[in-house]
Amino acid sequence: MTSPGRLRLLALRDQCEAVGKTMAVERHRFDALREAEAPRAVSAFNLFQTPEVIAARMVSACGPLDGRRILEPSAGLGRLYRAIRARTDANVTLVEIAPQCAAELYRQTQYDEQARLVQADFLTCSAERLGTFEVIVMNPPFKQGTDIRHIRHAITLLAPGGRLVSLCYAGTRQRREFEGREGVTWELLPPGSFKAEGTGAEVALVTIDRELTAN
């Protein structure tokens, strides 16, 4: 006759064997989680990332990219950079002022020999420092007309025949600055385009061709 204590031990053994079989089946999932990189939460003042669909559209609007020098000011967390790399391996210069965003961009670009990362205030970066570019694609900060200043400055870095594609706030000052100007295309994006990024601001897509735009 088997004692109650032995019966309990046999029951525990059976339970352990069952758990062991389940763990063996699920081991690949745990191994994948162990090896996967932990998610990183990065935030910065006035950071509203470009939605991926809009980023792809902006890069497409830049025209041919191969063999051209490309600039992305206020590069944030790399949404536009990744959209660029989905189309070309051309030379790209990224400028970002926020240290936490620059650190994330470094992670993304450290093995990209055609990418140059500059941590600086874009408004202080001259053509002497960065050079000039055939393509500039950007999502500048919107607060208090900063987008206007960033776009104006970007134009000074645009090579003859180059194209600038930028988002901006669709406010009165921005419309007065860009809408209806020769060589400038102003397109109002659908309402709620940035809702998933945490803002309900109305946003416009501005395209500027350097050869048609006065200094």
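The values are calculated or read from the model by the stated rules, or taken from the named source; none is laboratory data. Please read all numbers here as calculations on a predicted model, not as lab measurements. So basically every Cβ, Gly included, is an ideal-geometry build from the backbone, and we count neighbours across all protein chains shown. Ligands, DNA and RNA are stripped out before the accessible areas are found, and what is left, the full protein with its side chains, is counted by its heavy atoms. Shrake-Rupley method; radii C 1.70, N 1.55, O 1.52, S 1.80 Å.
Rolled with a 1.4 Å probe across the full set of protein chains, the surface gives E187 an accessible area near 70 Å².
So if we plug the beta-carbon distance of Y111 and E197 into 1/(1 + (r/R0)^6) with R0 = 22 Å, what FRET efficiency do we get, rounded to 0.05? In this case the efficiency is close to 0.20.
Rolled with a 1.4 Å probe across the full set of protein chains, the surface gives D89 an accessible area near 110 Å². Were the residues from H153 through R129 laid out at 0.36 nm apart, the gain over their Cα-Cα distance would be 7.3 nm.
Rolling a 1.4 angstrom probe over the protein heavy atoms with all chains in place gives segment 90-175 an accessible area of 44 Å² per residue. The fraction of accessible area contributed by carbon and sulfur in segment 130-192 is 48 percent, rounded to a whole number (1.4 Å probe; ligands and nucleic acids excluded). Distances between placed amide hydrogens fall under 5 Å for T93 paired with I70, L71, E72, R116, all partners being 5 or more residues away or on another chain.
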